[in-house]
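The values are calculated or read from the model by the stated rules, or taken from the named source; none is laboratory data. Given the structure is predicted, the values throughout are model-derived calculations rather than measurements. Here the Cβ positions follow ideal geometry from the backbone for every residue, glycine too, while neighbour counts run over all protein chains shown. The area values use the complete protein model at the heavy-atom level, side chains included, leaving out ligands, DNA and RNA. Shrake-Rupley method; radii C 1.70, N 1.55, O 1.52, S 1.80 Å.
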Amino acid sequence: MFMILTLPTEENNDVAVETFLKKRHLRNMRRSVLLAAGVLSAHLIYGAVGMATAMNCTVPCQENTGCSLNGVCQSGVCMCDPGWTGQCCGQLDLEPVDFHSTNGGYRHESTSTWGGNIIKEGETSYHMWIAEMAPHGSPSDAGAGSCGLSSWESNSQITHVTASSPLGPYARKEVAVPVWSHNPVVRVMKDGTFVMFHIGNGTTEKPPTFCSENGTSPCGTQTWDPCASPTCPDVDLPGWTCHAASCAAPADETAANGLCGGDIAEPTVPCNGSWAHCVPMVAAQCDQTTGCGAIAMSSKWEGLNHAKLYKPGCKLVPNTDWVTWVRNSADPLEYLSRPKVVRSDTNPMSHSTAEDGCNLDIHIASSASGPWTKYTNVSITPCGGNNPAPWIHPNGTVYLVFTNAGMGLWRAPTWQGPFELVTSGACGHGEDPSLWIDGRGNWHCLYHRSPFSQPDFAIGHTFSLDGFNWTVSADPAANSTIATVDHGIVVHGKRERPHLYFDQDGAPTAFVSGVCIIPECDVFAGTYDKDADCSSSTQYHHCDANSPGPGWYDRTYTLVQGIR
């Protein structure tokens, strides 16, 4: 359900629109309505910089924002919408999972998958597209046997599964988009076209690596060894110390081997693909970013064309793919007060030119069963494409959040583009955004919250009245602790890739995520050990495919959990 206002028909007539809204005492909703209706002139919103601010849950509430915009404030008490709970309506009201009747969504005992999204077609047909690590297959089961999640950058494909209930159990049908493709989100357009936004383009120059038959990636069995000894590249960067490690520890822990903290930004790097050329460019961007104390790059990122900027304050975890440089400073807090210097050639949120844009590759189909056809050259400015989160407004306007540009929000008149940046900060610090607009016209986003090594606060929630100014909910929308029907609380090590399924009335009824649980803690496997340490922090260490080591276990599955 959406509130639809009849706006003036003159294109880009900002004065007429503003007068129209003032007459109806809707000044506070002006930016939201203009954004949703797609009539605000591009020069007023293009490249606008937003920021997600933290919320304090206070009782009694004063207004609806005190209820995370997931309910209404009545006489100081938050009356939560269906699907939400908590004093400030910031937590999903999740049902216990009945694994025996639903299989938890899509859980294959020998193949790793990593989240998806659900679309209903007809009365009783539910379709989900999942990121699946390409399986070996067998005569009786084409989906059997794969590497674990750590192979996603070489092995991931998008696979179609179906069920007669949104909760499952889901049955594997066919590969919708082959290797290499990842993180699919399907939306149905006004004309009935099925449009799939995703990472990758469905083509690869090399075949996937088949490393096991049980959905995990044991050491020494792949063409690249995730358990090899990490090393630093040869880069001359005075004033910085290199660590062959990733920034993955809780922010309240002090590092013995370097300092890095929460994500600040993930800028693109216009360099020549060599460490010696690219790293100093990233360090220069850090110099001009308030609070930046460390930088990191991954050898798996083609051309070294992306980087991460971090705050100080965490310990580092050895890693064979990531390399982190930390400032040499006796006082890491010195960099928190460093003034920000904004230059158009380095600031990723500056007003961009056409040269800063790029094209998206997406897939389209006339039905949920495909076939899916590649659609190329969808223009997006400035360039984005990592972890797409689309939402379709009833008037046909398409909104997309990417982790690029600091969780930027883009807009286009149709799915064919061109997409232009509206604002940054649409979600909090993290990855895997999932965008929607509720029945009151409020904006929401779920995301995998940073720092990622805190699975007890795995899924964050942000909300906004206007799409420009965002607030981070005080409570986690969900964590890695899963309630089950037959086994009580089952703690998992990771929970990411959040997506909601909404019923015909716009209420969330199912929550999809990618999860990991180690064998000793998996009550549904023959390897369960009741005496094992199954704390979320211990499991995270073993599940973390970004920092493999002894005991590493990267088998994952796609969990679908009901919402009350």
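Structure summary
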| quantity | calculated |
| --- | --- |
| Ratio Rg/Rh, restricted to segment 48-101 and using Cα atoms, in which Rh is the Kirkwood radius | 1.15 |
| Phi to ³J(HN,Hα) by Karplus 6.51 cos²θ - 1.76 cosθ + 1.60 over segment 432-448, Hz, x for Gly, Pro | 6, x, 9, 9, 7, 10, 8, x, 8, x, 7, 9, 9, 8, 9, 7, 7 |
| Residues whose placed amide H lies under 5 Å from that of residue 441, excluding near-sequence neighbours | 3 |
| Theoretical gain in end-to-end length, residue 528 to residue 193 [0.36 nm per residue, Cα-Cα removed] | 116.1 nm |
| Stretch gain in nm, segment residue 272-residue 56, where the contour uses 0.36 nm per residue and the Cα spacing is subtracted | 73.3 nm |
| Virtual spin-label span in nm between residue 234 and residue 125, 7 Å along Cα→Cβ | 6.0 nm |
| FRET efficiency for residue 377 and residue 469, using Cβ-Cβ distance with R0 set to 30 Å, rounded to 0.05 | 0.35 |
| Phi to ³J(HN,Hα) by Karplus 6.51 cos²θ - 1.76 cosθ + 1.60 over segment 506-519, Hz, x for Gly, Pro | x, 8, x, 10, 8, 10, 9, 7, x, 10, 9, 9, 7, x |
| Most positive-pole-ward Cα, 416, 402, 468, against dipole of segment 368-508 from beta carbon charges | 416 |
| Interchain or long-range residues, amide H under 5 Å from residue 81's placed H | 71, 72 |
| Residue 410 long-range amide H proximity, modeled H, under 5 Å | 400, 401, 402, 422 |
| In Hz, Karplus ³J(HN,Hα) per residue of segment 494-504 (6.51, -1.76, 1.60; θ = phi - 60°; x = Gly, Pro) | 8, 8, 9, 6, x, 8, 9, 9, 9, 7, 5 |
| Residue 201 paired with residue 72, simple spin-label distance in nm, labels 7 Å along Cα-to-beta-carbon | 5.0 nm |
| Carbon + sulfur, % of accessible area of segment 431-564 - ligands and nucleic acids excluded, 1.4 Å | 48 percent |
| Descending semi-axes in Å of segment 451-540, equivalent ellipsoid built from Cα gyration tensor | 30, 17, 9 |
| For residue 112, solvent-accessible area (1.4 Å; no DNA, RNA or ligand), Å² | 0 Å² |
| Residue-normalised accessible area of segment 379-536, given per residue in Å² at a 1.4 Å probe | 28 Å² |
| Net charge contributed by nearby residues that have their C-beta within less than 14 Å of residue 556 (K/R +1, D/E -1) | -2 |
